[in-house]
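Q: Got a structure for you, questions after.
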């Protein structure tokens, strides 16, 4: 994406030249690898990890599930844009393909925010039970923020 920006051409949906098509397909393969990797990590996060605090396990699991939602939104944006490209509506793909960027962004960052919250809570004198309750509150707040973005109420 950075290279395409440096060249002054769109990175997504760009099949205008052979080189651009190769770049777009390479990005697609990289995206597929990311999806498979992150979904695998999400599944693995549900294995037993007795050495990890329950509040941190909860934060990581919820963050990864939100990241999975971000991946689904990203796949939907790419699919929408590519369908337009294949219909011969390249400019419309550029104009509307990123219409779900806010939803994509807000769901993507929970994987950072929630574990940081759980980590910060380790510096308190609170019990693990209380830290877990605060993480649940953080998850609820983050979910509410994501819903508000999805509904366009922000």
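Computed from the coordinates by the stated procedures, all read-outs in this text should not be read as laboratory data. Remember, predicted model here, so these are calculated numbers, not experimental data. Every residue, glycine as well, gets a Cβ built from its backbone with ideal geometry; the counts of neighbours run over all protein chains shown.
Q: How much space per residue, in cubic angstrom, does the convex hull of the C-alpha atoms of the chain take up? Display every interim value, and only then the final one.
A: On the way: hull volume 20.2 nm³, N = 154.
Value for the chain: 131 Å³ per residue.
Q: Moving on. Using only Cα atoms and rounding to the nearest 10 degrees, what angle (0 to 90) does helix 54-86 make with the longest principal axis of the chain?
A: 10 degrees
Q: Further, regarding this structure: Would you calculate the separation in nanometres between label points at residue 145 and residue 34, each defined as 7 Å from the Cα along the Cα-to-beta-carbon direction?
A: Reported label-point gap for residue 145 and residue 34 is 2.0 nm.
Q: If you fit an axis through the alpha-carbon atoms of helix 110-121 and take the longest principal axis of the Cα set of the chain, what angle between them do you get, 0 to 90°, nearest 10?
A: For 110-121 against the chain, the angle is about 20 degrees.
Q: Can you give the angle from 0 to 90° between the axis of helix 128-150 and the longest principal axis of the chain, with both taken from C-alpha atoms, to the nearest 10?
A: 30 degrees
Q: Semi-axes, largest first, in whole Å: what does sqrt of 5 times each Cα gyration tensor eigenvalue give for the range 5-83? Write down the numbers at each step before the final one.
A: On the way: eigenvalues 241, 26, 21 Å².
Result for the range 5-83: semi-axes of 35, 11, 10 Å.
Q: Still on this structure, please answer the following. In whole Å, what three semi-axes, largest first, describe the equivalent ellipsoid of the range 85-128 built from its Cα gyration tensor (square root of 5 times each eigenvalue)?
A: Working from the Cα gyration tensor, I get semi-axes of 43, 7, 6 Å.
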